[in-house]
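Student: Questions regarding the structure given below will be posed in turn.
We did not get these values from a lab; they are worked out from the coordinates using the rules stated. Every value quoted in this text rests on a predicted model; they were computed, and no experiment measured them. Counting neighbours? That spans all protein chains shown, and the Cβs are built from the backbone with ideal geometry, glycine included.
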Amino acid sequence: MKLSDFDFDLPESLIATRPAKPRSASRLLVSRPDGLSDLHVYDLPDLLEAGDRLVLNDTRVIPARLFGQRWRDSAQGRVSAKIEVTLLEPRPNGQWAALVKPLRKLGEGEWVEFSAGLKAQLVAREEGQAVLEFNLTGDDFDAALAEAGAMPLPPYIAAKRAADSQDKEDYQTVWARNTGAVAAPTASLHFDQPLLKKLAEMGVGFTYVTLHVGAGTFLPVKVDDVTTHKMHSEWGEVSEAAAAEIAQTKANGGRVIPVGTTALRLIETAARDTGAIRPWAGDTDIFIYPGFDFRVADALMTNFHLPKSTLMMLVSALVGRDRIMAAYGHAISQEYRFFSYGDASLLIP
């Protein structure tokens, strides 16, 4: 398998910069073994059955992008530099790993001042990343970050426009509760409360798991032989209750359908050791590419992914590369909207 096997040409005009309104009005391309169907997310009740179970990632995205100033005394007096910070992950000691631009303008021990009384000190450099310590902790930090921070939109959106207050609602699922992600589980953005209510009333079950999506999800694959690519790791948890619900659905003959690649990667991680779903917590760097043995997922709802990405490899593993390339060709010809704020697909092996 070569990286070029997962490449395709995408017109830039199809990259969505805002989501559909309402959420469930997004288009839904359904791929079955016998063909494709052009529907909408609000058609899910016609595609699912009583006894099916949707697995939902309940991670909550933090407003991880911060813009501040570093002050320094010099021979010319007090001077400042504009500093941009993107938080990546918290450390057990309360510090944060972060991307700082430009890192060369910030020395160890120096502070960056943001709004809302929030500031951070550079305590170390690690492989091009910064380790920051903030002046606030706990609820005070969360409140200040909510005021000072902006949503960490994916690079392909951020290149087109700046994040704004609307993104704090749009780039968050309606069931988000466990804070820690710096990117959204974007397939889940298509669900609203009326759709969830309708699915519940018809007997579809919901199981919540947590995978804190990291900035590594946007890292490009740089090797031609994709099997040698090293995946980033992300923290996740499948609780005892979640594992039991999924196992019972499988035992009853229902379908387990993760919503998003993050939920799929997590439940497949939790089934690696025994071959069946079990409670699990920790860092997962599972890499799913063609030839992978799926043990839990019976289908997948997901957005349309970047060319040559690990997520293109994942969906190819689930339904086959030829089917995926045909589906993507159809989506482009029908002008589906792509990537995080774009439309969705339902992939049925």
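Student: Springs between alpha-carbon atoms under 10 Å, Gaussian network over the chain: tell me which of Gln95, Gln76, Gln129 tops the mean-square fluctuations.
Tutor: Of Gln95, Gln76, Gln129, the Gaussian network model singles out Gln76 as fluctuating most.
Student: Once you charge only the Cβ atoms, +1 for Lys and Arg and -1 for Asp and Glu, what is the size of the charge dipole of region 288-349 about its Cα centre, to the nearest 20 debye?
Tutor: 120 debye
Student: To continue, here is another question. Putting +1 on Lys and Arg Cβ atoms and -1 on Asp and Glu Cβ atoms, find which of His190, Thr217, Thr227 reaches farthest to the positive end of the dipole of region 182-297.
Tutor: My answer, from the dipole projection, is His190.
Student: Moving to a separate point now. Checking a compactness column here: for the chain, what do you get for Rg(Cα) / (2.2 N^0.38 Å), N being the number of residues?
Tutor: 1.03
Student: For region 16-64 and region 254-291, what is the centre-to-centre distance using only Cα atoms, to the nearest Å?
Tutor: 19 Å
Student: Taking the Cα centre of region 73-112 as origin, sum charge times position over the Cβ atoms of Lys and Arg (+1) and Asp and Glu (-1), and report the length of that vector in debye to the nearest 20.
Tutor: 140 debye
Student: Follow-up question, since we're still on this one. Answer with one residue from Ala97, Ser115, Gly77: the one whose Cα lies farthest towards the positive end of the charge dipole of region 71-121, charges on Cβ with Lys, Arg +1 and Asp, Glu -1.
Tutor: My answer, from the dipole projection, is Gly77.
Student: Based solely on its DSSP helices, what 222 nm [θ] is calculated for the chain when runs of n ≥ 4 H residues each add -39,500 (n - 2.57) and the sum is averaged over all residues, nearest 500 deg cm²/dmol?
Tutor: Estimated from H runs of four or more residues: -6000 deg cm²/dmol.
Student: Based on the Kirkwood radius over alpha-carbon pairs, what value in µm²/s does the Stokes-Einstein equation return for the translational diffusion coefficient of region 84-237 at 10 °C and 1.306 mPa s? If you can, show how the numbers build up before the last one.
Tutor: On the way: Rh = 17.9 Å.
Translational diffusion coefficient: 89 µm²/s.
Student: Return the tail of the calculated pair distribution for region 249-335, meaning the percent of Cα-Cα pairs more than 16 Å apart.
Tutor: Value for region 249-335 (Cα pairs over 16 Å): 55 percent.
Student: So, one more: Provide the descending list of Cα extents for region 162-318 along its principal axes, expressed in whole angstroms.
Tutor: Extents along the principal axes, in whole Å: 47, 45, 25.
Student: Hey, another quick one. Report relative contact order for region 47-199 in percent, whole number only (criteria: Cα-Cα under 8 Å, sequence separation at least 6).
Tutor: Values: 261 pairs, mean separation 42.5, N = 153.
Relative contact order of region 47-199: 28 percent.
Student: Hey, another quick one. Could you list the square roots of 5 times each eigenvalue of the Cα gyration tensor of region 160-212, that is, the equivalent ellipsoid semi-axes, sorted largest first and rounded to whole Å?
Tutor: With the √(5λ) rule applied to region 160-212, the semi-axes are 24, 14, 8 Å.
Student: So, one more: As a quick test, which of the pairs Lys21/Lys308; Lys21/Lys197; Lys101/Lys230; Lys105/Lys160 have an alpha carbon distance above 23 angstrom in this structure?
Tutor: Lys21/Lys308; Lys101/Lys230; Lys105/Lys160
Student: Taking just the alpha-carbon atoms of region 217-279, what radius of gyration and Dmax come out, in angstrom?
Tutor: Cα only, region 217-279: 14.4, 43 Å (Rg, Dmax).
Student: About the Cα centre of region 117-226, how large is the charge dipole given +1 on each Lys and Arg Cβ and -1 on each Asp and Glu Cβ? Please answer in debye to the nearest 20.
Tutor: Computed charge dipole of region 117-226: roughly 220 debye.
Student: Please work out the C-alpha center-to-center distance from region 139-218 to region 70-102 and express it in whole Å.
Tutor: Between the Cα centre of region 139-218 and that of region 70-102, the gap is 26 Å.
Student: Rounded to the nearest 5, what % of the DSSP beta bridges within the chain are antiparallel ones?
Tutor: Around 75 percent antiparallel, to the nearest 5.
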